[in-house]
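Participant: First, the structure itself, so that you have it in front of you.
What follows is calculated from the coordinates using simple rules that are stated; it is not laboratory data. All values reported here derive from a predicted model rather than from experimental measurement. Please note: Cβ atoms are built from the backbone with ideal geometry, for glycine as well, and neighbour counts cover all protein chains shown.
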Amino acid sequence: MNKIDSIRPVFVDRIPKLLDNGVVYISQKYATAAHNCCCGCGTKIVTPLKPRRWRLETQGDSVSIYPSIGNWSAGCQSHYWIRDNRIDWALGFTPAQIAANRASDQRMRQQAHAERYRSERGFWGRRWDALKDLWQALTSWF
Ligand SMILES: [Zn+2]
């Protein structure tokens, strides 16, 4: 298990099944990047490049990925940034940070669920919900 301190971008159509260490594969077509965890543990880390997930910045041959990459669900719990093809290692996650990360993942899922619910309720459904909330607020006064 050897930590690496630099990574090289390879632009592909489709992310290959087996990844080489020290390479970050970038598929613009599928808006995804993937690489093997930089600690050398061999975990494949997939970073969807979309709003609220990861953002990729390229400058010629160098890439940066924001925000940081955390492998907190796998054993190694690595945490690092990819900036201009360099790996900037952060300290490992503390148990509290791991809990916070899990909580924010869950919040994101709940938010997506709530948004879906609202859009499925439609205009009058939302009005009805608002009226019900108002009624409950009013009746709670007495
Ligand atoms: Zn690792």
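Participant: So what J values fall out for the stretch 117-128 if you push phi through Karplus, 6.51 cos²θ - 1.76 cosθ + 1.60 with θ = phi - 60°, rounded to Hz, Gly and Pro as x?
Facilitator: Rounded to whole hertz, the list is 4, 4, 6, 6, 5, x, 4, 6, x, 5, 4, 4.
Participant: Still on this model: Go through L56, V23, A99 and say which Cα lies farthest out towards the positive end of the charge dipole of the stretch 1-128; charges sit on Cβ, +1 for Lys and Arg, -1 for Asp and Glu.
Facilitator: Checking the options against the dipole of the stretch 1-128, the answer is A99.
Participant: In whole Hz, with x marking every Gly and Pro, tabulate ³J(HN,Hα) for the stretch 16-24 from phi via Karplus 6.51 cos²θ - 1.76 cosθ + 1.60, θ = phi - 60°.
Facilitator: With the stated coefficients, the stretch 16-24 comes to x, 5, 9, 9, 7, 5, x, 10, 10 Hz.
Participant: Output wanted: per-residue J couplings in Hz (rounded whole) for the stretch 45-54, from phi through Karplus 6.51 cos²θ - 1.76 cosθ + 1.60, θ = phi - 60°, x for Gly and Pro.
Facilitator: 10, 9, 10, x, 9, 8, x, 6, 10, 10
Participant: Further question on the same structure: For the stretch 8-92, calculate the relative contact order in percent as a whole number, restricting contacts to Cα pairs under 8 Å that are 6 or more residues apart. Please list the in-between numbers first.
Facilitator: Working: 172 pairs, mean separation 15.6, N = 85.
Here the relative contact order equals 18 percent.
Participant: Around Y66, under 14 Å between beta carbons, what's the net of Lys plus Arg minus Asp minus Glu among the other residues?
Facilitator: On the way: positive: K50, R52, R53, R55, R83, R86; negative: E57, D84, D88.
Taking every other residue near Y66 into account, the sum is +3.
Participant: How many angstrom lie between the C-alpha centres of the stretch 79-142 and the stretch 1-55?
Facilitator: With the stretch 79-142 and the stretch 1-55 each reduced to a Cα centre, they are spaced 27 Å.
Participant: Could you rank the peptides 117-127, 8-18, 61-71 by their average count of other C-beta atoms within 10 Å per residue, with the highest value first? Don't skip to the end; give the middle numbers.
Facilitator: Details: 117-127: 10.6, 8-18: 12.4, 61-71: 15.9.
The packing order, highest mean first, is 61-71, 8-18, 117-127.
Participant: Same structure, new question: Which lysines, if any, have their Cα less than 19 Å from the Cα of K44, not counting same-chain residues under 8 positions apart?
Facilitator: Leaving aside lysines fewer than 8 places away in the same chain, those within reach of K44 are K3, K17.
Participant: Name the long-range amide H neighbours of Q28: under 5 Å, sequence gap of 5 or more, or other chain; modelled H, no Pro or chain starts.
Facilitator: Here V12 satisfy the definition.
Participant: For the stretch 19-142, which semi-axes, largest first and in whole Å, follow from the square roots of 5 times the eigenvalues of its Cα gyration tensor?
Facilitator: Values: eigenvalues 333, 71, 26 Å².
With the √(5λ) rule applied to the stretch 19-142, the semi-axes are 41, 19, 11 Å.
Participant: So, one more: Any idea what the relative contact order of the chain is, in percent, if you count C-alpha pairs under 8 Å spaced at least 6 apart?
Facilitator: Working: 206 pairs, mean separation 20.3, N = 142.
With pairs under 8 Å counted, the relative contact order is 14 percent.
Participant: Around N36, which amide H atoms from residues at least 5 apart in sequence, or from another chain, sit under 5 Å from its own amide H, with H modelled in the peptide plane?
Facilitator: Result for N36 returns G22, V23, I45.
Participant: Loop only by DSSP, 15 or fewer other Cβ within 10 Å of the Cβ. Give me the trypsin sites (Lys or Arg not before Pro) in the stretch 43-98 that pass, ordered by residue number.
Facilitator: Details: sites: K44, R52, R53, R55, R83, R86; in loops: R52, R53.
Loop-located and lightly packed - R52, R53.
Participant: Using only the Cα atoms of the stretch 96-140, build the gyration tensor, take square roots of its eigenvalues as a ≥ b ≥ c, and label the shape rounded, prolate or oblate: rounded if a/c is under 1.5, else prolate if a/b is larger than b/c, else oblate.
Facilitator: Oblate, because a/c is 1.5 or more while a/b does not exceed b/c.
Participant: Another one. Mind checking which of A33, G70, H113 is farthest towards the positive end of the stretch 2-141's charge dipole, using Cβ charges of +1 (Lys, Arg) and -1 (Asp, Glu) about the Cα centre?
Facilitator: H113
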